[in-house]
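Colleague: Sharing a structure, written as structure tokens. Questions coming.
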Amino acid sequence: MEKKDVIEKILGQRQYIPRQDTATAFAPANIALCKYWGKRNSLINLPCTSSISISLGDQGTTTSITPIDSHGDIFYVNGQHIPLTSKFAARMQQFLDLFRYPQKKFFEIKTISTLPIGAGFATSASGYAALILALNTLFDWKLSKKNLSILARMGSGSASRSLWQGFVLWRMGSLKNGMDSYASPIPLVWPQLRIGLITISDQEKKWDSSTGMALSLQSPFYRCWIRKTQQDCLAIKKTIKDQDFSQFGALVESNALAMHSLIQTSWPPIYYTLPQTLAVIHRIWELRDQGLGVYFTQDAGPNLKLLFLADNEKDVAQFFPKLQIVNPFAYLS
Ligand code: PMV
């Protein structure tokens with residue numbers, strides 16, 4: 001099964017005729033609390049485990065798509081023209097190849113991201129989710145959120161979770177064609193929960209997540225990682241239900257540390273953590289020893305995301321003055 005087969009299955013008889021000149025959509029970035037790291041099928045991004053995320057409210061990507069009469073796609077990111085030879089444009093063109101239509105084959109894509117791109121802040125998730133939402137509007141496909149989640153997964157796995165605010169669960173599914181591997185919201189709110197973003201570097205990461213995931217298969221800890229993540233997913237969901245913050249924070253942090261142990265023991269080796277990342281991690285542990293309820297998670301980059309409750313917001317902000325604080329449930333309608 002390839003991406004184009006999945007798309008054909010979902011779009012069926014639907015036509016690729018634009019219903020408007022330009023369509024625009026926003027999707028939030030999402031931070032995995034229980035990580036997706038490992039593909040059972042890399043052609044259509046099928047994961048080896050389920051995963052859980054929290055969306056970041058108004059932090060994410062807004063994308064406009066306009067069909068154009070031209071010899072190629074045109075990309076703008078945050079107002080800046082991006083050459084077609086760049087890594088970003090190459091990935092986007094490949095994805096758009098799945099949705100070309102004969103009359104006007106190419107697109108102008110304008111993307112605005114509130115977070116640094118490619119630095120482990122889940123901008124590929126919000127980017128592909130926003131693009132799929134914009135295509136759905138442009139062609140008036142009227143697809144269900146389930147099918148939009150599957151289509152977003154064709155761009156990047158974590159994009160399947162970026163169609164909702166709040167807590168989201170991406171079930172790994174078991175079908176070979178991946179039709180049961182899509183995300184849906186977890187109907188639980190935690191109004192006290194806060195996420196703090198710490199930018200250590202906004203440089204694009206050296207190893208994209210697909211490369212990282214493939215190399216991780218070489219780690220001697222791969223099987224342990226899969227087993228742990230399956231257990232963590234269930235346990236994290238329970239702590240969300242019980243609003244047990246210290247258990248929640250401990251499980252989320254330990255899942256991220258396990259993922260990085262796996263990554264660091266792959267071959268050739270990958271290290272997303274920088275010395276400054278480690279310095280902040282030690283500071284978090286010191287503060288926790290002193291009684292402050294703050295935990296962290298880290299994705300495929302050096303930046304950290306802190307987890308704490310609203311009651312501790314002032315203290316956490318005082319220790320990390322550059323922290324960008326997100327109240328994820330302020331945006332749940
Ligand atoms: O969706 P991808 O291929 O960019 O991979 C995402 C990987 C992590 O961000 C590290 C984990 C996750 O579940 O989002």
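Colleague: Might you let me know whether region 101-116 holds any residue that is part of a loop (DSSP other than H, G, I, E, B) and small (G, A, S)?
Modeller: No, region 101-116 has no match at all.
Colleague: From the residues in region 165-195 that are among the small types (G, A, S) and farther than 16 Å from T239 by Cβ, which one is nearest to the chain's Cα centre (by Cα)?
Modeller: A183
Colleague: If you go through region 197-230 one residue at a time, how many are away from the ligand (no atom under 15 Å from the Cβ), more than 23 Å from N45 (Cβ to Cβ) and surrounded by 14 or more Cβ atoms within 10 Å (Cβ to Cβ)?
Modeller: Residues in region 197-230 being away from the ligand (no atom under 15 Å from the Cβ), more than 23 Å from N45 (Cβ to Cβ) and surrounded by 14 or more Cβ atoms within 10 Å (Cβ to Cβ): 5 in total.
Colleague: Let me ask something else. If we only count strands (runs of 3 or more DSSP E) wholly inside region 255-333, which ones have 2 or more residues that are crowded, with 21+ Cβ neighbours inside 10 Å, within 16 Å of the ligand (Cβ to nearest atom) and in contact (Cβ under 8 Å) with a residue 12 or more places away in the chain?
Modeller: Passing ranges, in order: 295-298, 304-309.
Colleague: Only one residue in S181, S174 is in contact (Cβ under 8 Å) with a residue 60 or more places away in the chain and over 22 Å from Y295 (Cα atoms), so which one is that?
Modeller: S181
Colleague: Sort through N30, N41 and tell me the only one that's within 16 Å of the ligand (Cβ to nearest atom) and over 30 Å from L197 (Cβ atoms).
Modeller: Criteria check complete, one pass: N41.
Colleague: Further question on the same structure: Report the residue count in region 101-141 for those that are of a type outside the set (S, T, N, Q) and within 16 Å of the ligand (Cβ to nearest atom).
Modeller: The number of residues fulfilling the criteria is 15.
Colleague: Please give the strands (runs of 3 or more DSSP E) falling wholly within region 48-89 in which 1 or more residues are crowded, with 18+ Cβ neighbours inside 10 Å, modelled with pLDDT of 95 or more and within 16 Å of the ligand (Cβ to nearest atom).
Modeller: So the answer is 51-68.
Colleague: Can you tell me which of R194, R161 is crowded, with 19+ Cβ neighbours inside 10 Å and away from the ligand (no atom under 14 Å from the Cβ)?
Modeller: R194
Colleague: May I ask you to verify whether I150 is away from the ligand (no atom under 13 Å from the Cβ), farther than 24 Å from I44 by Cβ and modelled with pLDDT of 95 or more?
Modeller: The answer is no for I150.
Colleague: Also: Would you please list the contacts, defined by Cβ atoms under 8 Å and residues six or more apart or on different chains, that run from a residue in region 37-50 that is touching a residue at least 24 places away in the same chain (Cβ under 8 Å) to a residue that is more than 10 Å from the ligand (Cβ to nearest atom) and acidic (D, E)?
Modeller: L43/E2; I44/E2
The values are calculated or read from the model by the stated rules, or taken from the named source; none is laboratory data. Owing to the predicted nature of the structure, the values given are computational and were not obtained by experimental measurement. Cβ: placed from backbone, ideal geometry, glycine included. Neighbour counts: every protein chain shown.
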